[in-house]
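Okay, so here's the structure we're looking at.
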Amino acid sequence: MPWQARADLAAPVDPYIDHHLGRPVAGLSTDALLARLMDWMDADGVARSGSLDGPDYANDVRAGLGPRTTANAPLADISEINWLAPLDSRRSRRLPEGLCAYPDTGPLALNLNSLPVERVALLDSLLEGRVPRGRLERLLRSRPAAGYQSVDAVRIALGDPDDFNELARRLTLTPDLLRLHIRIEIGDRQYRYVRLLQAEGVSPWQPRVPAARVRILQRYRGEAPHSPFPTSSPEEAS
């Protein structure tokens, strides 16, 4: 589940964390963790209830480390939550699998054609419980082998809810972040390469329409390390 670099999108992650952890994270309750995360990112300098912001961090010091303050900026990496008070260098390792910092501040949407049914909790959290969990599971289990191809197919699969247009703003059928694995065999030698790509100008409800442009975000020789949403500076694809 991408933790986007926007404070207003931290709340939908709340039930997902509760579902997977069911206990405090490194001494912080779910509410405290999310409040401190949002204060870490927003720029208003006003702490939420039970949280810290800006100069409040001057009192949370550790031996060998200088004073720190909130970033007041989008997360560049999920490990930044280690800097939330109280300082904990291992906090990010105890988060549910699949959470990461997403290098984009646009609307967050889940791809119904790639989301496995085992991750239905992500969809439930993003839609904030407005669609029964059982109906979401059926939506993913009844997905055609080639994937959903139109907004009408998804509307019908969801039972044509009255608020479908609002729900559809959080859904897509088209991937925009892709991992390309390349294997080249020359004689008895094999060469493996990985490219992390971002497709731009895609149509969210028309997965067969080509992207307007594809950018290379990262290149690897061999197998790529586990990093579902890279944060390095993108390069233009040639």
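Within region 194-206, identify whether any single residue is more than 19 Å from ALA109 (Cβ to Cβ), in a strand (DSSP E or B) and of a type in the set (D, E, K, R), and answer yes or no.
Taking every residue of region 194-206 in turn, at least one turns out to be more than 19 Å from ALA109 (Cβ to Cβ), in a strand (DSSP E or B) and of a type in the set (D, E, K, R).
Any residue at all in region 101-116 that is modelled with pLDDT under 95, in a helix (DSSP H, G or I) and either more than 12 Å from the chain's Cα centre (by Cα) or within 26 Å of LEU217 (Cβ to Cβ) (or both)?
No, every residue in region 101-116 fails to be modelled with pLDDT under 95, in a helix (DSSP H, G or I) and either more than 12 Å from the chain's Cα centre (by Cα) or within 26 Å of LEU217 (Cβ to Cβ) (or both).
Quick check on my filter: what residues within region 124-143 are at pLDDT 90 or above, of a type outside the set (A, V, I, L, M) and not in a loop (DSSP other than H, G, I, E, B)?
ARG133, GLY134, ARG135, GLU137, ARG138, ARG141
Is it fair to say ALA73 is in a loop (DSSP other than H, G, I, E, B), outside the structural domain of GLY147 (by TED's automatic domain parsing), at pLDDT below 80 and farther than 30 Å from SER203 by Cβ? Reasoning before the result, please.
On the way: in a loop (DSSP other than H, G, I, E, B): yes; outside the structural domain of GLY147 (by TED's automatic domain parsing): yes; at pLDDT below 80: no; farther than 30 Å from SER203 by Cβ: yes.
No: the conditions fail for ALA73.
Among ALA157, ALA146, which is the only one that is out of contact with any strand residue (DSSP E or B) (no Cβ under 9 Å at 6 or more places or on another chain), surrounded by 11 or more Cβ atoms within 10 Å (Cβ to Cβ) and not aromatic (Phe, Trp, Tyr)?
Values: ALA146 fails: surrounded by 11 or more Cβ atoms within 10 Å (Cβ to Cβ).
Exactly one residue qualifies, and that residue is ALA157.
Examine region 209-224 for a residue that is surrounded by 13 or more Cβ atoms within 10 Å (Cβ to Cβ) and closer than 26 Å to ASP124 by Cβ, and state whether such a residue exists.
The answer is no; no qualifying residue exists.
For ASP56, state whether it is modelled with pLDDT of 80 or more, more than 26 Å from LEU127 (Cβ to Cβ), acidic (Asp, Glu) and not assigned by TED's automatic domain parsing to the domain that holds GLY129. Don't jump to the end; show me each part of the working.
On the way: modelled with pLDDT of 80 or more: yes; more than 26 Å from LEU127 (Cβ to Cβ): yes; acidic (Asp, Glu): yes; not assigned by TED's automatic domain parsing to the domain that holds GLY129: yes.
Criteria met by ASP56.
If you go through region 159-168 one residue at a time, do you hit one that is in contact (Cβ under 8 Å) with a residue 60 or more places away in the chain and touching a Leu at 6+ places or on another chain (Cβ under 9 Å)?
Restricting attention to region 159-168, the residues satisfying the condition of being in contact (Cβ under 8 Å) with a residue 60 or more places away in the chain are none.
No: zero hits.
Any residue at all in region 185-199 that's of a type in the set (Lys, Arg) and exposed (fewer than 11 other Cβ atoms within 10 Å of the Cβ)?
First, pick out the residues of region 185-199 that are of a type in the set (Lys, Arg): 189, 192, 195.
Then keep just the ones that are exposed (fewer than 11 other Cβ atoms within 10 Å of the Cβ); that gives 189.
Yes, that holds for at least one residue.
Going by what's in this entry, would ARG155 be described as farther than 25 Å from ALA76 by Cβ and either assigned to a loop (DSSP other than H, G, I, E, B) or touching a residue at least 24 places away in the same chain (Cβ under 8 Å) (or both)?
Working: farther than 25 Å from ALA76 by Cβ: yes; either assigned to a loop (DSSP other than H, G, I, E, B) or touching a residue at least 24 places away in the same chain (Cβ under 8 Å) (or both): no.
No; evaluated as a whole, the condition is false for this residue.
Determine whether ALA43 is at pLDDT 80 or above, outside the structural domain of LEU123 (by TED's automatic domain parsing) and in contact with a Phe, Trp or Tyr (Cβ under 8 Å, 6 or more places away or on another chain).
On the way: at pLDDT 80 or above: yes; outside the structural domain of LEU123 (by TED's automatic domain parsing): yes; in contact with a Phe, Trp or Tyr (Cβ under 8 Å, 6 or more places away or on another chain): no.
For ALA43, the condition - at pLDDT 80 or above, outside the structural domain of LEU123 (by TED's automatic domain parsing) and in contact with a Phe, Trp or Tyr (Cβ under 8 Å, 6 or more places away or on another chain) - is not met.
The values are calculated or read from the model by the stated rules, or taken from the named source; none is laboratory data. Quick caveat, the model's predicted, so the values are computed rather than measured. Cβ: placed from backbone, ideal geometry, glycine included. Neighbour counts: every protein chain shown.
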